[in-house]
Amino acid sequence: MLQSIIQSLQYIKPEAALTGTFLCAILADLIFKKKEITAGVVIAGILVTAVYVFQQIGESTSVFSRMLAVDPFAVFFKFLILLSALIIVFFSLFSNEVNNNKRRIGEYYSLLVAMAIGMFFMVGASNLLMMYLSLELTSISSYLLAGITKEARDSAEASLKYVIYGALSSGLMLYGISIVYGLTGVLDIYSVNSVLAQGGTNTITLLIAGTLIVAGFGYKISAVPFHFWTPDVYEGAPVSITAFLSVASKAAGFAMLMRFSKVVFIDSSVISLPAGMWATIHGVVWTDILIILSVITMTLGNLVAIWQDNVKRLLAYSSIAHAGYMLLGLVVLGNDGFAATMIYFVMYLFMNLGAFYVVMLVANKTGSEDIETYKGLGSRAPLLSVSMAIFLISLTGLPPTAGFVGKLYIFAALINAKLIWLAIIGVINSVISLYYYVRIFRNMFLRDAEGEQAPLTFHFAHTFLLLVLVVPTLALGLYFGPLVEFAQYSVAMFGVK
Amino acid sequence: MHVTLTHYLIASAILFSFGLFAVMARRNAIMVLMGIELILNSANINFIAFAHYGGMHLDGQMAAIFVIILAACEAAVALAIVLNIYQQFNTVNVDEVDTLKD
């Protein structure tokens with residue numbers, strides 16, 4: 001027992017490095033009280049962690065009595081989380097909203113790292129209890145981060161709504177887990193799967209438990225009808241945190257949901273299917289639940305986004321809609337679909353962080369996130385506006401941008417799985433989304449500025465970070481071979497074929 | 001009366017329903033948080049009852065201990081947030097804390 005724990009320790013080097021970073025960030029803040037030093041410590045910690053994650057490439061094992069899996073799938077998402085955390089640290093350095101509360105800068109950066117630790121455990125968790133605990137670790141840090149600018153009423157309200165919806169959803173999930181425990185007698189997801197595969201489980205009870213567990217996942221990925229917190233929290237929280245929640249937190253939630261779907265409800269004894277496709281255990285309607293979730297998520301997200309005048313809120317609904325597209329990849333229940341979702345996530349990281357970054361830069365200069373502020377931005381800040389246009393085109397999913405490639409792989413996976421009607425719903429939704437993205441586009445380029453006309457100028461570093469996000473958004477639309485190969489390789493999870 | 005697993009499950013289901021009702025119907029943020037605590041504890045009863053009567057391993061007992069610790073952390077954070085809301089809005093009524101538009 002002790003031996004196996006000691007052996008397991010070497011596999012959590014990335015998490016240990018992040019925990020070290022968390023502590024060092026607090027210390028650095030206490031000693032130096034300078035935001036550049038605290039952020040520098042966090043950046044260094046993220047880079048060290050990246051090295052350790054790099055060493056895990058190719059590993060496929062399970063550690064701590066099958067609590068955590070270290071496999072290509074987890075490694076892929078760990079890279080995704082680290083990359084977005086790194087970009088968010090730079091966002092925060094440039095954000096007036098964050099820098100204005102000097103006293104809490106240290107807490108801000110250390111909680112950011114704490115959130116990343118939670119996400120690292122989420123992507124690897126292979127035990128229902130571990131899933132719940134890591135979800136809560138991420139959530140509790142994010143409740144605090146959403147309200148970090150305590151003096152702002154919006155921020156306080158955002159954190160209250162987040163904590164109520166978050167705690168309720170995770171409570172429902174826990175109740176669902178307790179029922180699954182009663183049905184199967186185990187918490188380890190591989191054992192849950194083998195008990196369920198033997199049959200004889202009451203399907204109605206299992207359906208209720210499954211639905212309750214979906215509440216927890218649905219809240220984390222902001223799927224309808226567990227999305228109520230999303231618009232308010234995204235609008236009220238500082239932009240850097242909104243961006244982090246919309247990418248990294250969602251990615252971790254998806255990773256957990258994907259592992260759960262692939263391990264728990266799959267019947268590995270069915271061999272009549274083509275390679276890389278899976279069947280659910282007889283009597284489990286998991287695919288139907290995912291289809292319903294994904295269709296209502298993208299439709300509602302897109303339809304409500306049309307009426308929004310606050311750009312942050314608009315992007316919040318757009319991110320709900322994107323969760324719907326990504327769920328389409330899970331519906332396929334095959335390696336193709338999962339790889340498509342993972343590819344989509346990389347594209348989504350650049351384009352969504354980019355869009356939020358532009359919102360932040362505009363808010364820094366004008367103090368407003370209203371869509372009216374964007375009038376005439378095309379002439380006041382040409383580079384910024386063109387970049388925003390590229391991000392929006394990519395979010396819509398038009399070529400030659402990254403978003404197009406992401407959607408292409410998802411729809412291709414659906415068509416291969418003979419779910420053409422779902423692909424059509426997806427395409428119709430993309431067309432609807434074009435309408436509200438074009439509203440920002442139109443305000444920037446076709447309307448004249450009202451009031452303030454002076455051009456906006458940005459610091460060199462700010463422009464550089466913008467380019468760091470624009471270039472991949474364009475480049476990944478044209479050259480994506482290695483990424484696709486890496487995603488297809490990373491679909492492999494420990495313990496399932 | 002002989003207490004069986006069913007009794008525990010019914011007690012936990014009732015507790016869960018009360019918790020859910022409190023979250024849905026109560027407008028005072030503190031009451032909502034108490035409702036959430038009830039939900040967490042109903043799950044705890046389930047875990048322990050299953051572990052005890054199902055002849056299962058200690059997984060359930062262990063889960064309950066973790067959940068108790070987590071509930072404490074969550075309550076600490078949530079109460080801090082409610083305190084901050086009170087300072088900003090002078091109320092803890094969740095309906096009145098609604099400045100972000102729909």
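Checking A:V51 against (1) surrounded by fewer than 17 Cβ atoms within 10 Å (Cβ to Cβ); (2) among the aliphatic types (A, V, I, L, M); (3) assigned to a helix (DSSP H, G or I); (4) modelled with pLDDT under 95, which single condition isn't satisfied?
That leaves (4) as the condition not met.
Mind listing whichever residues of segment A:316-342 are part of a helix (DSSP H, G or I) and of a type outside the set (A, V, I, L, M)?
Passing the criteria: A:Y317, A:S318, A:S319, A:H322, A:G324, A:Y325, A:G329, A:N335, A:D336, A:G337, A:F338, A:T341.
Within segment A:176-214, which residues are buried (at least 22 other Cβ atoms within 10 Å of the Cβ), more than 11 Å from chain B (Cβ to nearest Cβ) and within 27 Å of A:N302 (Cα to Cα)?
A:I213, A:V214
Would you check which residues across segment A:195-235 are of a type in the set (S, T, N, Q), touching a residue at least 40 places away in the same chain (Cβ under 8 Å) and assigned to a helix (DSSP H, G or I) and list them?
If the condition is that a residue be of a type in the set (S, T, N, Q), touching a residue at least 40 places away in the same chain (Cβ under 8 Å) and assigned to a helix (DSSP H, G or I), then A:T203, A:T211, A:T230 are the ones that fit.
Does A:K375 satisfy the criteria of being touching a residue at least 60 places away in the same chain (Cβ under 8 Å), basic (K, R), farther than 18 Å from A:F94 by Cα and surrounded by fewer than 21 Cβ atoms within 10 Å (Cβ to Cβ)?
Numbers: touching a residue at least 60 places away in the same chain (Cβ under 8 Å): yes; basic (K, R): yes; farther than 18 Å from A:F94 by Cα: yes; surrounded by fewer than 21 Cβ atoms within 10 Å (Cβ to Cβ): yes.
Answer is yes for this residue.
Give the residues of segment A:141-167 that are among the hydrophobic types (A, V, I, L, M, F, W, C), at the interface with another protein chain (Cβ under 8 Å from one of its Cβ atoms) and surrounded by fewer than 24 Cβ atoms within 10 Å (Cβ to Cβ), sorted by residue number. Give the derivation first.
Start the filter on segment A:141-167 by keeping residues that are among the hydrophobic types (A, V, I, L, M, F, W, C), which leaves A:144-146, A:148, A:152, A:156, A:158, A:160, A:163-164, A:167.
Still in the running and at the interface with another protein chain (Cβ under 8 Å from one of its Cβ atoms): A:144, A:156, A:158, A:160, A:163-164, A:167.
A:L144, A:I164 - these are the residues of segment A:141-167 that are among the hydrophobic types (A, V, I, L, M, F, W, C), at the interface with another protein chain (Cβ under 8 Å from one of its Cβ atoms) and surrounded by fewer than 24 Cβ atoms within 10 Å (Cβ to Cβ).
Suppose we filter segment A:113-157 for residues that are within 19 Å of B:A76 (Cα to Cα) and in a helix (DSSP H, G or I); how many remain?
Step one: list which residues in segment A:113-157 are within 19 Å of B:A76 (Cα to Cα), which gives A:114-115, A:118, A:132-150, A:155-157.
Still in the list and also in a helix (DSSP H, G or I): A:114-115, A:118, A:132-146, A:155-157.
Of the residues in segment A:113-157, 21 are within 19 Å of B:A76 (Cα to Cα) and in a helix (DSSP H, G or I).
In segment A:119-131, how many are surrounded by 24 or more Cβ atoms within 10 Å (Cβ to Cβ) and either within 12 Å of chain B (Cβ to nearest Cβ) or closer than 19 Å to B:L33 by Cβ (or both)?
Final tally of qualifying residues: 3.
Please specify each residue of segment A:340-366 satisfying the condition of being more than 20 Å from A:I88 (Cα to Cα) and surrounded by fewer than 19 Cβ atoms within 10 Å (Cβ to Cβ).
Scanning segment A:340-366 gives a single hit, A:T366.
To keep it simple, each residue is scored yes or no on (1) surrounded by 24 or more Cβ atoms within 10 Å (Cβ to Cβ); (2) under 27 Å from A:L82 (Cβ atoms); (3) of a type in the set (K, R).
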{"site": "A:T299", "(1), (2), (3)": "no, no, no"}
{"site": "A:L303", "(1), (2), (3)": "no, no, no"}
{"site": "A:D309", "(1), (2), (3)": "no, no, no"}
{"site": "A:K312", "(1), (2), (3)": "no, yes, yes"}
{"site": "A:A316", "(1), (2), (3)": "yes, yes, no"}
{"site": "A:A323", "(1), (2), (3)": "yes, yes, no"}
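Starting from segment B:39-65, take each residue that is within 9 Å of another protein chain (Cβ to nearest Cβ) and part of a helix (DSSP H, G or I) and list its partners that are buried (at least 19 other Cβ atoms within 10 Å of the Cβ) and among the acidic types (D, E), counting only C-beta distances under 7 angstrom and pairs at least six apart or across chains.
Final answer for the pair search is B:A51/B:D59.
Quick one: in segment B:77-96, which of the residues that are more than 9 Å from every other protein chain (Cβ to nearest Cβ) and part of a helix (DSSP H, G or I) is surrounded by the fewest Cβ atoms within 10 Å (Cβ to Cβ)?
Only one residue fits best here, namely B:L83.
B:A71 versus (1) facing another protein chain (nearest Cβ under 8 Å); (2) touching a residue at least 12 places away in the same chain (Cβ under 8 Å); (3) of a type outside the set (D, E, K, R): which is the lone unmet condition?
Unmet condition: (1).
The values are calculated or read from the model by the stated rules, or taken from the named source; none is laboratory data. Computed from a predicted model, the values in this text were never measured in an experiment. Backbone-built Cβ (ideal geometry, glycine too); neighbour counts: all protein chains shown.
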